[in-house]
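Data first, discussion second: the structure below is written as structure tokens.
All of the numbers you see were taken from the coordinates with simple rules; none came from a lab. The shown structure was predicted, so the numbers you read here are calculated from the model rather than taken from an experiment. Cβ sites come from the backbone with ideal geometry, for glycine too, and all protein chains shown count toward neighbours.
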Amino acid sequence: MNKKTAYRRISLAIFSIAGAAAILNGCAADLAMQDRKESTVFTLSSPGRTDNDMLAKPFAGKNPSNANCVGDNISPALSWGRVPAGTRSLAIVMDDQAGRAGLGVSHWIVYGIDPSISGLAEGEASGSSGRFLTGKNTIGVQGYLGPCPPKGNAPQHYVFTLIATTLPANTLQAGLTKVELLDALKGKTLAAASFVLRFAH
């Protein structure tokens, strides 16, 4: 092997190593950026459950006059994190868009939650609580309304949406409907996170 060939091979090897190092550095930078983004994402979850999990029967609605309400009306536990800076209160809306044959059902509306609170315990929304104000669900009741889908239906989706707002926690009065709440929040929201649970019987 002459000197020119040896030099060419050494040069190619150096370029290959440099290229591989650049690719690895780029991948590392992308992963670091992704980690930074994930660490600032507003999140909502239900402890012990994954997104789109099935709710057990006790979490369904309870109404002796409605045969489709087969549960104990226990609200699921919720947990959230990475609340956006500047948040002054939080609100939660639980909806079933397929309810009432597609007209939708607002199952649960709460707001005025202090941003220092990081979750609600199981069953907390089923009764009164000093940690939030409760709005009116579709049937006009202030409180949690568990799922009551028609028997034999495919699992229906219940979407929990957590909204970060710039409204002070004591601004609104209890008893607002979903429409009234969302109207009051126009221009005063910072971010939202959602979580889906399903139920069928």
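Full extension of the chain between S194 and R100 gives 31.7 nm of extra length, using 0.36 nm per residue less the Cα-Cα distance.
Multiply the residue gap between T171 and A121 by 0.36 nm, knock off their C-alpha separation, and tell me the result in nm, one decimal place. Intermediate values should be presented prior to the final figure.
Values: separation 50, 0.36 × 50 = 18.00 nm, distance 2.39 nm.
Additional length available on full extension: 15.6 nm.
Binning the alpha carbon pair distances of the stretch 34-96 at 10 angstrom intervals from zero yields the distribution 16, 38, 28, 14, 4, 0, expressed in whole percent.
Of K136/K188; K151/K186; K57/K136; K62/K186; K57/K178, which sit over 30 Å apart, Cα to Cα? Check vs 30 Å cut-off fails for K151/K186; K62/K186. Extension gain, S65 to I139, is 25.3 nm, computed as 0.36 nm per intervening residue step minus the present C-alpha separation.
Site pair D72 and D53 shows an inter-label distance of 1.7 nm when each label is modelled 7 Å from Cα along Cα→Cβ.
Given contacts defined as C-alpha pairs under 8 Å and at least six residues apart, what's the relative contact order of the stretch 75-201, whole-number percent?
Details: 273 pairs, mean separation 39.7, N = 127.
That works out to 31 percent.
May I ask you to list the trypsin sites (Lys or Arg not before Pro) in the stretch 104-157 that are in a DSSP loop and have at most 16 other Cβ atoms within 10 Å of their Cβ?
Those satisfying the criteria are R131, K151.
How much net charge surrounds I74 when only the other residues with a Cβ under 13 Å from the Cβ of I74 are counted, with Lys and Arg +1 and Asp and Glu -1? Please list the in-between numbers first.
Values: positive: K57, K62; negative: D72, E122, E124.
Once all neighbours under 13 Å are counted, the net charge is -1.
Computed from the C-alpha gyration tensor, the three semi-axes of the ellipsoid equivalent to the stretch 78-201 are 25, 15, 14 Å, from longest to shortest.
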